[in-house]
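Notes follow once the structure below has been shown.
Laboratory data are not the source of any read-out in this text; all were calculated from the coordinates shown. Not measured: the values here are computed from a predicted model. Here the Cβ positions follow ideal geometry from the backbone for every residue, glycine too, while neighbour counts run over all protein chains shown.
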Amino acid sequence: MVKNIFEIDVKVKCIENGTTQAQIAKDIHTSKEYVNKVIKKQEGIVNRTYVQILEALGYDIELVYVKRTED
């Protein structure tokens, strides 16, 4: 099972970074509607077979977000 709620994760990161989903869409050259659709789609962000493999091994998945630093 994937433990993250991607929609909330992205909204929190947007607040932390002072940006909007519309700005993200512009930055990655896509529509804000598509960004919203991807964020709201809980299933499919992480490959289903990968989730099933880890579940069979007795694991859940929890993504951790690490802020990149400039080198």
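Given the conditions (1) in contact with a helix residue (DSSP H, G or I) (Cβ under 8 Å, 6 or more places away or on another chain); (2) assigned to a loop (DSSP other than H, G, I, E, B); (3) of a type in the set (A, V, I, L, M), and given that VAL46 satisfies all but one, which numbered condition is not satisfied?
Exception for VAL46: condition (1).
Report, by residue number, each residue of the range 1-31 that is surrounded by 13 or more Cβ atoms within 10 Å (Cβ to Cβ), without any contact (Cβ under 8 Å) to a residue 60 or more places away in the chain and closer than 24 Å to TYR59 by Cβ.
ASN4, PHE6, GLU7, ASP9, VAL10
Any residue at all in the range 33-42 that's under 13 Å from VAL2 (Cα atoms) and not aliphatic (A, V, I, L, M)?
Yes: the range 33-42 contains one or more residues that are under 13 Å from VAL2 (Cα atoms) and not aliphatic (A, V, I, L, M).
Looking only at residues in the range 44-71 that are charged (D, E, K, R) and in contact (Cβ under 8 Å) with a residue 24 or more places away in the chain, which one is farthest from ILE15 (Cα to Cα)?
The qualifying residue farthest from ILE15 (Cα to Cα) is GLU55.
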